[in-house]
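A.B. asks: For reference, the structure I am asking about is given below.
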Amino acid sequence: MATYVKFQPFVEALAEKVHNLGSDQLTLFLTTNAAIPTVGMATLSEVTQISYTNLSSRNITTSTSAQTSGTYKLVLTDLVLTASGAVATFRHFGIYNDTSTTDHLICMFDYGSDVTMASGDTFTVDFSASNGLLQIV
Amino acid sequence: MTRYILTQEHGDEKTRVTSRFTTTDREKAERMASSNPRIELTTEEEPDDPSN
């Protein structure tokens, strides 16, 4: 199974009031395999993104942000990206906080193959409703 | 029309994300699936557009 990669500065940013995961706008970013982000990166300006021409909105809707019995869980609505024309090739996708002043990074995933979308193609990020994107114990 | 769906799971017991790429380009779908054993390739038939 492909790995969930947490950006390490995220935990400090979370502890120091950079994120409000219950209300901030989380957004997806895409990168090529030649520009893989590293776990020590903190903000979006450090990431080399692809051009998003011909791609639908990358904004993610938060479903729930709540704790049960002391375990916090962030659950997100599935995001469907749709191409209206040729889209630049990508392989890695990640999530950042678009509300935070410097767009702090949260996590990323490796699709494992280059994805080249043509008109009508879709790329869905299906977040688990039971596990959530992340949990804090 | 046949739609090719390439599915892959990411994460662990605490975090689970499934990514799903769909295309009507069979050659592209088969090339991607063969290059990555973690990707599962399935197909789905879409009804033809009656307006055509």
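A.B. asks: Could you tell me whether any residue of segment B:26-34 is loosely packed, with under 15 Cβ neighbours inside 10 Å, without any contact (Cβ under 8 Å) to a residue 40 or more places away in the chain, out of contact with any helix residue (DSSP H, G or I) (no Cβ under 8 Å at 6 or more places or on another chain) and in a strand (DSSP E or B)?
C.D. replies: The answer is no; no qualifying residue exists.
A.B. asks: Are any residues in segment B:9-34 of a type in the set (S, T, N, Q) and modelled with pLDDT under 90, and if so, which ones?
C.D. replies: B:THR15
A.B. asks: Out of all the residues in segment A:73-111, which are in contact with a Pro (Cβ under 9 Å, 6 or more places away or on another chain) and more than 19 Å from A:ASP24 (Cα to Cα)?
C.D. replies: Residue satisfying the conditions is A:HIS92 alone.
A.B. asks: Something else now. I need the full set of residues from segment A:13-34 which are loosely packed, with under 14 Cβ neighbours inside 10 Å and among the charged types (D, E, K, R), in order please.
C.D. replies: A:GLU16, A:LYS17
A.B. asks: Just checking, which of A:MET108, A:MET117 is buried (at least 22 other Cβ atoms within 10 Å of the Cβ), more than 7 Å from chain B (Cβ to nearest Cβ), farther than 19 Å from A:GLY22 by Cα and over 12 Å from the mean Cα position of the chain (by Cα)?
C.D. replies: Residue meeting the stated conditions: A:MET117.
A.B. asks: Taking the criterion of being part of a strand (DSSP E or B), at pLDDT 95 or above and buried (at least 18 other Cβ atoms within 10 Å of the Cβ), would at least one residue in segment A:51-61 satisfy it?
C.D. replies: Checked against the condition, which is being part of a strand (DSSP E or B), at pLDDT 95 or above and buried (at least 18 other Cβ atoms within 10 Å of the Cβ), segment A:51-61 yields at least one hit.
A.B. asks: Turning to a different aspect of this structure: Scan segment A:59-73 and give yes if some residue there is aliphatic (A, V, I, L, M) and closer than 19 Å to B:ARG16 by Cα, otherwise no.
C.D. replies: yes
A.B. asks: Output the residues belonging to segment A:67-88 that are of a type in the set (A, V, I, L, M) and closer than 9 Å to A:LEU55 by Cβ.
C.D. replies: Selection gives A:LEU81, A:ALA83, A:VAL87, A:ALA88.
A.B. asks: Can I ask one more? Restricting attention to segment A:64-96, which residues are in a strand (DSSP E or B) and surrounded by fewer than 16 Cβ atoms within 10 Å (Cβ to Cβ)?
C.D. replies: A:THR64, A:ALA66, A:GLN67, A:THR68, A:THR71, A:TYR72, A:VAL80
A.B. asks: Related question: Among the residues in segment A:121-137, are any among the acidic types (Asp, Glu), at pLDDT below 95, in contact with a Ser or Thr (Cβ under 8 Å, 6 or more places away or on another chain) and under 25 Å from A:ALA35 (Cβ atoms)?
C.D. replies: yes
A.B. asks: If I go through segment B:10-21 residue by residue, how many of them are farther than 17 Å from A:ASP110 by Cα and at the interface with chain A (Cβ under 7 Å from one of its Cβ atoms)?
C.D. replies: So the answer is 1.
A.B. asks: Criterion first (surrounded by 15 or more Cβ atoms within 10 Å (Cβ to Cβ) and either more than 10 Å from chain A (Cβ to nearest Cβ) or within 18 Å of A:TYR111 (Cβ to Cβ) (or both)) does B:THR42 satisfy it?
C.D. replies: No: the conditions fail for B:THR42.
The values are calculated or read from the model by the stated rules, or taken from the named source; none is laboratory data. Please read these numbers as outputs of a predicted model, since none were measured by experiment. Neighbour counts run over all protein chains shown; Cβ positions are idealised from the backbone, glycine included.
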